[in-house]
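For reference, the structure discussed in these notes is given below.
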Amino acid sequence: MSFFKKLKESISSKTEAVTNKFKDGLTKTRTALVEKVEELITRRKKIDEAFYEELEEILIGADVGVNTVMELIDELRAEVKKRKIEDAAELQPVLSEKLVGLLRGDENPGLNMAGSGMTVILFVGVNGVGKTTTIGKLAHRFKSQGKSVLLAAGDTFRAGAIEQLEVWGQRVGVDVIKQSAGSDPAAVMYDAVQAAKQRGVDVLLCDTAGRLQNKSNLMEELNKIFRVIQREVPSAPHEVLLVLDATTGQNALSQAKLFGEKSGVTGLVLTKLDGTAKGGIVVAIRNELNLPVKFVGLGEKMDDLEAFDSEQFVHALFAGLIAKEEEQASEA
């Protein structure tokens, strides 16, 4: 059975709505990456040095990341030798297979939830990446699963951050624990944890500052928040999610490196994937940081935050090819 056919079959058990969201959300990346690869394969029938060089350029252009691209090209060269592939067209399924492998990783990208009692999820990331929106969308997601949710407005330094979270709270129908602007974020977290305990909520979602106005170090501030939360709920935070804006490509990768090393990040949320041709950044981040992508933002609506699924992602990228292969099979 062909790789694309297998991929289609593994997708068929998943809901069509989600499959379509991935397909629509990755349109720009599909154009930048897969269609260019197709065009290259059609134009250059033979696999030679010039072919590899062009393929390298296309992958780097879609922000797959230089290190990842070099590894990928080396692996493709090895496969070409091993399978004695001469025709460039035969390389497409091999490339897709490699991408699924890179994206899959070993662990299950689902959220780590508390076995019993309250789950605490901390959100970190620079300003402007869509952190507050992500928190609102995730609150909506938990609520629609029947869980009770509370939000903590720990980004007390950015003008309007508390109000923005409150707007989301109202939209989703979830309370927000806050103090006045400029107050100590760790104190807000303390209040939020106490309130969450008293109310017996299932999930506490905590916003944190992306940048500090004063001279104190952002990472120190985050550590203080950690300590306060851990004192009250020893197993928390259950997840530290770094929110990245996919449209910034390589810049998102360097942010992930910085935060990942210093703030105990356990997973990533990539926002605005629908607005970029740089969706290859998912592959680079996954490969270079070994951090799981937990969620991706695929649109503006409240329910457009989807759990990341490597097969859905690759299926959406290669949707055109899969349809083409089916067409050929039915004609045959």
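The values are calculated or read from the model by the stated rules, or taken from the named source; none is laboratory data. Not measured: the values here are computed from a predicted model. All Cβ positions, glycine included, derive from the backbone under ideal geometry; neighbour counts span all protein chains shown. Only protein heavy atoms, including side chains, enter the accessible area calculation; ligands, DNA and RNA are left aside. Shrake-Rupley method; radii C 1.70, N 1.55, O 1.52, S 1.80 Å.
Worth pointing out:
- When residues of the range 85-110 are limited to those that are surrounded by 13 or more Cβ atoms within 10 Å (Cβ to Cβ) and not in a helix (DSSP H, G or I), the one modelled with the lowest pLDDT: GLY105
- Given (1) open to solvent by 70 Å² or more (accessible area, probe 1.4 Å); (2) over 21 Å from the mean Cα position of the chain (by Cα); (3) of a type outside the set (Ser, Thr, Tyr), number of the condition PHE3 does not satisfy: (1)
- Scanning the range 1-55 for residues that are part of a helix (DSSP H, G or I) and at pLDDT below 80 turns up PHE3, PHE4, LYS5, LYS6, LEU7, LYS8, GLU9, SER10, ILE11, SER12.
- Selection count where residues are touching a residue at least 12 places away in the same chain (Cβ under 8 Å), assigned to a helix (DSSP H, G or I) and of a type outside the set (A, V, I, L, M, F, W, C), scope the range 249-265: 5
- Any hit, the range 241-248, residues being open to solvent by 30 Å² or more (accessible area, probe 1.4 Å), part of a helix (DSSP H, G or I) and more than 24 Å from LYS143 (Cβ to Cβ): yes
- Taking the criterion of being closer than 25 Å to MET189 by Cα, hydrophobic (A, V, I, L, M, F, W, C) and open to solvent by less than 40 Å² (accessible area, probe 1.4 Å), the residues of the range 249-273 that qualify are ALA256, PHE259, VAL265, LEU268, VAL269, LEU270.
- When the range 62-84 is limited to residues that are of a type outside the set (A, V, I, L, M) and surrounded by 15 or more Cβ atoms within 10 Å (Cβ to Cβ), the one that is nearest to LEU26 (Cα to Cα) turns out to be ASP63.
- Residue list for the range 139-158, restricted to those being outside any loop (DSSP other than H, G, I, E, B) and not hydroxyl-bearing (Ser, Thr, Tyr): ALA139, HIS140, ARG141, PHE142, LYS143, VAL149, LEU150, LEU151, ALA152, ALA153, GLY154
- Per-region count, the range 168-186, residues without any contact (Cβ under 8 Å) to a residue 60 or more places away in the chain, surrounded by 14 or more Cβ atoms within 10 Å (Cβ to Cβ) and touching a helix residue (DSSP H, G or I) at 6+ places or on another chain (Cβ under 8 Å): 11
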